[in-house]
Amino acid sequence: MGIVNISNERNPQLKDTTDREKLAFTPEYEQFVFILDTVISVIQNEREKDKTDNKKKSTLSDLITPLSSRTLVEKAEQLVEKGSSAEEVLKAVVKYDEENARQLEDLNERLVYYAQTASLGSIAIVIMHEILSGMTVIKRFLNKAKGYLEMFDQRTKSYLGDAENSHKRLLEVADSFTPLYNRDLRKKEYKCDLRLAITKSVRLVKAKKISADIYFDYSDIDEELLVGINEGELETILINLLDNACYWIKDSQNIDQRVLIKAEKQKNSDRISVSVSDSGSGILPEDAERIFLPGITSKPKGIGMGLVIVNELVSAYGGKTGVRIPGDINGATLVFDLPIKKR
């Protein structure tokens, strides 16, 4: 939701603990927590109102296109051809002006929202600090556990391997936040095994209860295929899409419970299109663009940022994210493209 910035100078009774990772329990601290809880509650109520509002959210294209003077010119030409009076032409101009005013208000509201999200640079620093601090402790435990490897059964060894992969992915995800305030870091070139990244992502998603009884098929993915993206970011993209697929499959209550992942080389291009399809309820044509907007979600407890993150990460590598309607296996099909790399 945001960051609360407080100083010791202005709040002398809010004191750090010795490890400087939290605040000491004092009456002032209790009051501070109460205020924050109240603010969060108000924001959550507003968010729920937005979710239940049936008004269609316009895309930026919807907002900008009507502002073109061409619309007014065409209307005026039609009136002149009909021999309309100057008064009727003036009425058309006034109506156009009123509609433009409303569109500009909506556009301003949307741009203010994007300006607010631009502050993610400062949020990224906080997120990185929190992730990296926690990861240090986890890594210490993983290193200790590896010393007892011969005592573990095969399943425990597999869990330890998953934990190490997850630790690595979280570190890479933390690194992926740095471009929000340092774009030069995107200049580094990456090579990533697509099939291996899918395997790791599927394994992590299958560990969740929501994926029970769902069959994941990625048998057609070439084992030799390399793509130009950071592995942690690719897994973040895949896990977001797979989580969504599992949710809508369960929500649809269909007997057929499948997720199909395919990759197809684009014609006359050094890029490959990756698709994630599910056998859920699918996506309505009118929602094909809206689902990539911040805050747009149909999930009761969703915040509408999953596909925004996917879109941003794919865009960082020169790609696009989209929807294929109808879906490949009767549900939703999300498609994104990535650059191909040579071994």
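The values are calculated or read from the model by the stated rules, or taken from the named source; none is laboratory data. Computed from a predicted structure; not experimentally measured. We place every Cβ from the backbone using ideal geometry, glycine too, and count neighbours over all the protein chains shown.
In the set L284, L307, which member is under 18 Å from the mean Cα position of the chain (by Cα) and of a type in the set (A, V, I, L, M)? Let's see the steps before the verdict.
On the way: L284 fails: under 18 Å from the mean Cα position of the chain (by Cα).
Of the residues listed, the single one that is under 18 Å from the mean Cα position of the chain (by Cα) and of a type in the set (A, V, I, L, M) is L307.
Would you check if D270 is out of contact with any Pro (no Cβ under 8 Å at 6 or more places or on another chain) and outside the structural domain of Y159 (by TED's automatic domain parsing)?
On the way: out of contact with any Pro (no Cβ under 8 Å at 6 or more places or on another chain): no; outside the structural domain of Y159 (by TED's automatic domain parsing): yes.
Here the answer is no, as D270 does not meet what is asked.
Pull out all pairs, ordered by first then second residue, where Cβ-Cβ is under 6 Å, the residues are six or more apart or on different chains, the first lies in the stretch 210-221 and is closer than 14 Å to K200 by Cβ, and the second is at pLDDT 90 or above.
Hits for this filter: F216/V202; F216/V259; Y218/I198; Y218/I261; I221/R195; I221/A263.
Residues checked against (1) free of Cβ contacts under 8 Å to residues at least 24 places away in the same chain; (2) crowded, with 19+ Cβ neighbours inside 10 Å; (3) more than 29 Å from P339 (Cα to Cα):
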| position | (1), (2), (3) |
| --- | --- |
| A263 | no, yes, no |
| K267 | yes, no, no |
| S281 | no, no, yes |
| A288 | no, no, no |
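Which residues, counting only those in the stretch 276-298, are within 23 Å of V202 (Cβ to Cβ) and in contact with a Gly (Cβ under 9 Å, 6 or more places away or on another chain)? Let's see the steps before the verdict.
Filtering the stretch 276-298 for residues within 23 Å of V202 (Cβ to Cβ) gives 276-283, 291.
Scanning the stretch 276-298 gives S277, D278, S279, G280, S281, G282, I283, I291.
This table checks each residue for (1) in contact with a strand residue (DSSP E or B) (Cβ under 6 Å, 6 or more places away or on another chain); (2) at positive phi.
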position: K265; (1), (2): yes, no
position: V276; (1), (2): yes, no
position: P285; (1), (2): no, no
position: F292; (1), (2): no, no
position: G304; (1), (2): no, yes
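Just to be sure, is E9 at pLDDT 80 or above, over 38 Å from the mean Cα position of the chain (by Cα) and surrounded by fewer than 10 Cβ atoms within 10 Å (Cβ to Cβ)?
Here the answer is no, as E9 does not meet what is asked.
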